[in-house]
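The values are calculated or read from the model by the stated rules, or taken from the named source; none is laboratory data. The structure presented is a predicted model; accordingly, all values stated were derived computationally and were not measured. We place every Cβ from the backbone using ideal geometry, glycine too, and count neighbours over all the protein chains shown. The protein model used for the area step is the full one, side chains on, heavy atoms only, and it has no ligands, DNA or RNA in it. Shrake-Rupley method; radii C 1.70, N 1.55, O 1.52, S 1.80 Å.
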Amino acid sequence: EVQLVESGGGLVQAGGSLRLSCAVSGFTSGDYAIAWFRQAPGKEREGVSCISSKHERTRYANSVKGRATISIDSAKNTAFLQMNSLKSEDTGVYYCAAVEFPTLLLLRLWASARAFDYWGQGIQVTVSS
């Protein structure tokens with residue numbers, strides 16, 4: 001069974017930084033994609049970033065470009081989302097999602113979220129202004 005567990009959230013001051021972690025278990029191959037989504041109250045779910053393990057292709061939402069970096073530690077089966085210069089608009093519940101054997105099409109349409117088979121429970125990130 002594939003499981004994703006997020007950690008690293010919490011309360012951060014505007015302008016500060018945090019690093020979210022997504023521990024993944026259950027994959028039988030090293031070919032997968034991990035994405036981060038977030039949702040604030042009253043807003044639609046938004047794709048934040050995505051990375052493929054095999055080719056290390058990365059994608060970022062325009063709202064976080066230049067402030068976020070996604071990475072994978074394959075030895076630890078963990079994906080990270082480093083966010084700097086945090087804004088109050090970054091507040092929300094962050095979800096980690098994963099899919100095995102991602103295609104180029106999936107990576108192009110990752111923000112729609114429909115291609116991801118597995119999801120974490122979500123973790124709160126609050127940025128104080």
Out of region 92-121, which residues are assigned to a loop (DSSP other than H, G, I, E, B), over 12 Å from ARG38 (Cα atoms) and small (Gly, Ala, Ser)?
ALA115
Looking at region 69-91, is at least one residue part of a loop (DSSP other than H, G, I, E, B), open to solvent by less than 20 Å² (accessible area, probe 1.4 Å) and in contact with a Ser or Thr (Cβ under 7 Å, 6 or more places away or on another chain)?
yes
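Can you work out which of the residues in region 58-68 that are of a type in the set (Lys, Arg) and open to solvent by less than 90 Å² (accessible area, probe 1.4 Å) is modelled with the lowest pLDDT? If you could, list the steps in order and put the result at the bottom.
Filtering region 58-68 down to residues of a type in the set (Lys, Arg) leaves 59, 65, 67.
With open to solvent by less than 90 Å² (accessible area, probe 1.4 Å) added as a condition, the list becomes 59, 67.
Numbers: ARG59: 95, ARG67: 98.
Taking the candidates together, the pick is ARG59.
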Could you pull out the residue among SER63, SER29, SER112, SER53 that is farther than 27 Å from SER128 by Cα, free of Cβ contacts under 8 Å to residues at least 40 places away in the same chain and among the small types (Gly, Ala, Ser)?
SER53
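Considering only residues that are among the small types (Gly, Ala, Ser) and open to solvent by less than 10 Å² (accessible area, probe 1.4 Å), which ones fall in region 92-116? Working first, answer last.
Filtering region 92-116 down to residues among the small types (Gly, Ala, Ser) leaves 92, 97-98, 111-113, 115.
Within region 92-116, GLY92, ALA97, ALA98, ALA113 qualify.
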Members of region 11-57 found to be open to solvent by less than 30 Å² (accessible area, probe 1.4 Å) and over 26 Å from LEU104 (Cα atoms), listed by number
VAL12, GLY16, LEU18, ALA40
